[in-house]
Amino acid sequence: APREHVSAPRASRADDLPGILLGAAAKKLEEDVNSFIGLFDEDAPTHERPPTLPVAGNTLDIAQGGHRQLLEWAETYGVADGVHEVKMLSQTILHLTDPKLARELMFDRSDSFPDRGVSAMAKFFREDQAAFVNTSGEQWMAYRKMGTASVNGGALDRLAGKVAERSEALVARWVRDASASGDGRNA
């Protein structure tokens with residue numbers, strides 16, 4: 001007996017494998033584009049802050065200027081209420097510039113910050129979990145005394161001589177390095 005050829009009806013073009021793959025790729029591309037566009041959304045600051053770049057925030061400024069850049073921003077943006085903010089990638093970081101406010105947070109409100117973990121700033125500067133600003137619990141209590149010295153006038157008076165000595169040594173080194181480089185700049 002002759003064999004009979006049986007064929008199933010063909011599905012619509014959209015249901016075939018290439019159509020399914022193309023649809024999935026288009027959907028993924030749309031999701032990726034929308035996610036990328038979201039990187040450029042700027043949240044409203046809660047405190048004054050310097051201008052930010054999309055995605056990077058102030059990360060590049062801090063990487064290039066370090067503590068000098070933070071000091072400049074503190075004098076520009078942190079005067080009104082003793083705090084301003086900076087952006088490290090997508091994370092907002094509050095920079096306290098008022099010693100009284102810092103003291104209040106360290107003593108009166110320390111329970112409000114039970115576990116800070118390792119911040120983006122600490123990771124950026126390669127600090128480890130033992131760094132003062134990233135501790136919590138018993139470790140935080142042990143370091144707190146050391147941290148509050150910065151808001152205690154007596155402690156600052158005792159440290160002034162060491163700070164001056166270290167500053168003079170740094171200036172001498174910079175002058176020596178500038179002279180040795182021979183680049184023609186005045187030290």
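The values are calculated or read from the model by the stated rules, or taken from the named source; none is laboratory data. Because the structure is predicted, anything quoted here is derived from the model rather than measured. Reconstructed Cβ throughout: ideal geometry from the backbone, glycine too, with neighbour counts over all protein chains shown. Note: areas computed on protein heavy atoms with side chains; ligands, DNA, RNA excluded. Shrake-Rupley method; radii C 1.70, N 1.55, O 1.52, S 1.80 Å.
What the table below lists for this structure:
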{"read-out": "Residue count for segment 56-68, restricted to those that are open to solvent by less than 40 Å² (accessible area, probe 1.4 Å) and closer than 13 Å to HIS95 by Cα", "value": "2"}
{"read-out": "Residues of segment 32-55 satisfying the condition of being surrounded by fewer than 10 Cβ atoms within 10 Å (Cβ to Cβ) and either in contact (Cβ under 8 Å) with a residue 24 or more places away in the chain or assigned to a helix (DSSP H, G or I) (or both)", "value": "ASN34, SER35, ILE37, GLY38, ASP43"}
{"read-out": "Residue list for segment 73-109, restricted to those being charged (D, E, K, R), open to solvent by 70 Å² or more (accessible area, probe 1.4 Å) and in contact (Cβ under 8 Å) with a residue 40 or more places away in the chain", "value": "LYS100, ARG103"}
{"read-out": "Index of the failed condition, LEU17 passing every other in (1) touching a residue at least 24 places away in the same chain (Cβ under 8 Å); (2) among the aliphatic types (A, V, I, L, M); (3) open to solvent by 90 Å² or more (accessible area, probe 1.4 Å)", "value": "(1)"}
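Residues checked against (1) over 26 Å from PRO51 (Cβ atoms); (2) touching a Leu at 6+ places or on another chain (Cβ under 9 Å); (3) at pLDDT below 80:
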residue	(1), (2), (3)
GLY66	no, no, no
GLU72	no, no, no
GLY78	no, yes, no
PHE125	no, no, yes
